[in-house]
Amino acid sequence: MKKIFLLLTIAILSISCGGDSKSVESIIETHNLEKIREKRNEIVSEQLEINNRLKLIDEAITRLDTVKKLPLVTAFQVKHNEFTHYLELQGNVATKKNIILYPEFSGLLTSINVIEGQRFPKDKY
């Protein structure tokens, strides 16, 4: 009884899986141009559907992938340029008396000959 049930199940599955779909080779052998064109259009529509599903999957992967594939080595063309560096400072001087100071001439300060916290003798200035 078990063997008959198993054979019956296999027969039903093989018949149901066969369906109406004919292989491409069998359609080509019929030499019927209309059926060949119908089969081609059917395959093209399946291909478009698969391509659309692949695009959706690729978009989801790019959205969710946190590890980007970056090149391991990068090269840049080196250019010879003159590098000039300027430092612009502004400062305030606090005094015990109100004094107005004017520079004798305008220009750039190129060196500072005192150290922070250094005291000046009163008799020289």
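The values are calculated or read from the model by the stated rules, or taken from the named source; none is laboratory data. Quick caveat, the model's predicted, so the values are computed rather than measured. Here the Cβ is made from the backbone with ideal geometry for all residues, glycine too, and neighbour counts use every protein chain on show.
Some notes on this structure:
- Tally, over region 27-57, of residues that are aliphatic (A, V, I, L, M) and under 44 Å from the mean Cα position of the chain (by Cα): 7
- Of the listed requirements (1) of a type outside the set (K, R); (2) modelled with pLDDT of 85 or more; (3) surrounded by 10 or more Cβ atoms within 10 Å (Cβ to Cβ), L8 misses just one: (2).
- Hey, I28 more than 30 Å from T110 (Cβ to Cβ) and surrounded by 10 or more Cβ atoms within 10 Å (Cβ to Cβ) or not: yes
- Region 77-100: number of residues that are of a type outside the set (K, R) and at pLDDT 85 or above: 5
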